[in-house]
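Here's the structure, in structure tokens; my notes come after.
The values are calculated or read from the model by the stated rules, or taken from the named source; none is laboratory data. All values reported here derive from a predicted model rather than from experimental measurement. When we count neighbours, we look across all protein chains shown, and the Cβ atoms used for this are built from the backbone with ideal geometry, even at glycine.
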Amino acid sequence: MKVLVVGSGGREHALVWKIAQSPEVKEVFCAPGNGGIAQIATCLPIPAEDIQGLVSWARDNRIDLTVVGPEAPLVAGIADAFMQEGLKIFGPRAQAALIEGSKSFAKEIMAEAGVPTASHRVFCREEEALAYLEDLRPPVVVKADGLAGGKGVTVAFTLEESRRAIQELFRGRFKGAGAKVLIEEFLQGEEVSVLAFCDGERVMPLLASQDHKRLGEGDTGPNTGGMGAYAPVPFFTQEIAHEVEEKILKPVVRALNRRGCPYRGVLYAGLMLTEEGPKVLEFNCRFGDPETQPLMLLLKSDLLEILLAVVEGNLEGKSLEWHGGAAAGVVLASRGYPGEYEKGHPIHGLEEVPEDVVVFHAGTQLQEGRLITAGGRVLCVTSRGKNLREALDKVYGAIEKIHFQGMYYRRDIGYRALRLLPHA
Ligand code: AMP
Ligand code: GLY
């Protein structure tokens with residue numbers, strides 16, 4: 001089979017790495033890919049947003065399956081465009097991808113399905129949003145309705161902060177994404193990512209993972225795309241897993257079906273484990289980044305087989321097999337990220353990384369045979385061990401070997417699990 005992966009981050013590198021291990025796969029392509037993906041697949045100079053370009057290329061090159069990494073092309077209808085041409089694609093159609101593309105749509109679906117989530121109000125006018133704030137006690141959470149590259153959410157601890165966030169959104173900080181604004185109840189607890197394969201009817205959850213979204217150690221500082229992740233999550237018990245499947249995932253998939261937009265792909269539920277039980281913070285219509293990196297190291301099953309079963313609406317009787325132990329991935333970022341960051345610095349030491357550590361590339365580029373930094377998140381150093389402590393020791397040991405100018409990373413990935421289970 002010939003497989004095309006769309007995207008260019010660490011998540012896509014992990015997907016390419018895992019798909020390439022399937023015995024059915026003859027060739028893997030990635031559009032546009034990055035410096036690391038280029039070492040194991042053929043990269044194409046087609047941007048992930050160029051839907052027509054991707055359709056034409058996949059048709060002309062007889063691609064058997066296309067797998068989409070990022071949300072933007074899904075929300076823009078890449079799955080619809082491929083299906084119209086009779087091409088197989090893994091990822092939801094635009095109408096179902098709206099679960100990530102519009103937070104107010106996601107809230108409507110959750111209300112319909114009776115899914116627990118933070119209480120909220122939606123506003124289309126700045127004055128009304130500001131007036132509503134006066135009745136609330138901080139902290140509150142202010143969110144842009146549409147896609148904002150993970151930067152449209154402010155957890156505001158003062159009235160002043162929440163006012164500023166609302167003004168920025170209505171005054172066009174994220175263009176159309178902020179035309180509608182949500183003001184939401186602040187939830188407290190442990191945050192967990194639960195991804196589930198959905199074939200339109202059935203759901204098949206992956207192991208739960210935890211991403212560290214804040215830039216600074218101890219989960220402080222600005223929100224980022226994710227600074228590191230691990231799986232499984234020791235405090236995500238079987239009981240909670242059951243509750244999430246029955247009270248969140250299945251009802252949402254059923255509600256989407258009732259609306260005539262069956263969900264086929266991977267559904268990512270960002271959850272807060274509150275004292276009242278798990279509640280939804282957000283849904284994403286795709287794999288998480290960096291959650292996918294440790295998850296792909298833990299997955300024993302043939303990923304391609306599962307992806308095809310999803311696309312064909314045929315998850316019945318299928319199950320996922322996992323390696324024991326745990327896996328962790330730590331992101332090496334460029335100085336300045338998540339704001340303006342430096343680029344173009346050579347990356348050293350990757351050849352010294354031991355074989356049981358996989359370095360997934362996020363923002364790298366090959367320039368005249370040399371690997372240079374080309375993004376805010378540059379690498380995700382990932383490993384598996386008999387437990388989380390061992391996985392993390394391997395990762396941090398390997399990081400000692402790697403260097404680029406302005407390299408920044410968190411030294412405490414996984415601490416929330418280690419703290420609760422000191423012997424893990
Ligand atoms: P989102 O893009 O909706 O996941 O929001 C980004 C981050 O903001 C989440 O990962 C949470 O850490 C935080 N967040 C979002 N919504 C809430 C909420 N209702 N209460 C507390 N924190 C939240
Ligand atoms: N790691 C967070 C996300 O993929 O949205």
Of residues in segment 383-424 being closer than 23 Å to G221 by Cβ and touching a Leu at 6+ places or on another chain (Cβ under 6 Å), the one surrounded by the fewest Cβ atoms within 10 Å (Cβ to Cβ): M407
I'd like to verify a number: residues in segment 318-354 that are under 20 Å from L206 (Cβ atoms), outside any loop (DSSP other than H, G, I, E, B) and among the charged types (D, E, K, R), how many? 0
In segment 232-247, is there at least one residue being away from ligand 1 (no atom under 12 Å from the Cβ), surrounded by 22 or more Cβ atoms within 10 Å (Cβ to Cβ) and without any contact (Cβ under 8 Å) to a residue 60 or more places away in the chain? yes
Filter segment 196-219 down to the residues that are part of a strand (DSSP E or B), within 14 Å of ligand 1 (Cβ to nearest atom) and within 23 Å of K279 (Cβ to Cβ) and list them by number. S209, Q210, D211, R214
Matching residues in segment 129-166 - criterion: being out of contact with any helix residue (DSSP H, G or I) (no Cβ under 8 Å at 6 or more places or on another chain), part of a helix (DSSP H, G or I) and surrounded by 14 or more Cβ atoms within 10 Å (Cβ to Cβ): Y132, E161, R164, A165
Does segment 93-108 contain any residue that is out of contact with any Phe, Trp or Tyr (no Cβ under 7 Å at 6 or more places or on another chain), without any contact (Cβ under 8 Å) to a residue 12 or more places away in the chain and among the hydrophobic types (A, V, I, L, M, F, W, C)? yes
Where residues in segment 281-304 are in a loop (DSSP other than H, G, I, E, B) and touching a helix residue (DSSP H, G or I) at 6+ places or on another chain (Cβ under 6 Å), which of them is surrounded by the most Cβ atoms within 10 Å (Cβ to Cβ)? P290
Take the residues in segment 162-208 that are acidic (D, E) and at pLDDT 95 or above; name whichever of them is nearest to the chain's Cα centre (by Cα). E191
Reported set for segment 264-279 where residues are more than 17 Å from V253 (Cα to Cα) and within 10 Å of ligand 1 (Cβ to nearest atom) is M272, T274
List pairs: first in segment 306-333 and on the phi > 0 side of the Ramachandran plot, second assigned to a strand (DSSP E or B), Cβ under 9 Å, 6+ apart or cross-chain? G313/D199; G313/R264; G325/R384; G325/G385
Taking L371 and the conditions (1) at pLDDT 95 or above; (2) more than 23 Å from the chain's Cα centre (by Cα); (3) surrounded by fewer than 21 Cβ atoms within 10 Å (Cβ to Cβ), which numbered condition does it fall short on, given that it satisfies the others? (3)
Step by step: first the residues of segment 173-193, then only those that are among the small types (G, A, S) and near ligand 1 (Cβ under 10 Å from one of its atoms), then the one that is farthest from E275 (Cα to Cα). Which residue is that? S193
Which of the residues spanning segment 168-193 are small (G, A, S) and surrounded by fewer than 20 Cβ atoms within 10 Å (Cβ to Cβ)? G172, G176, A179, G189
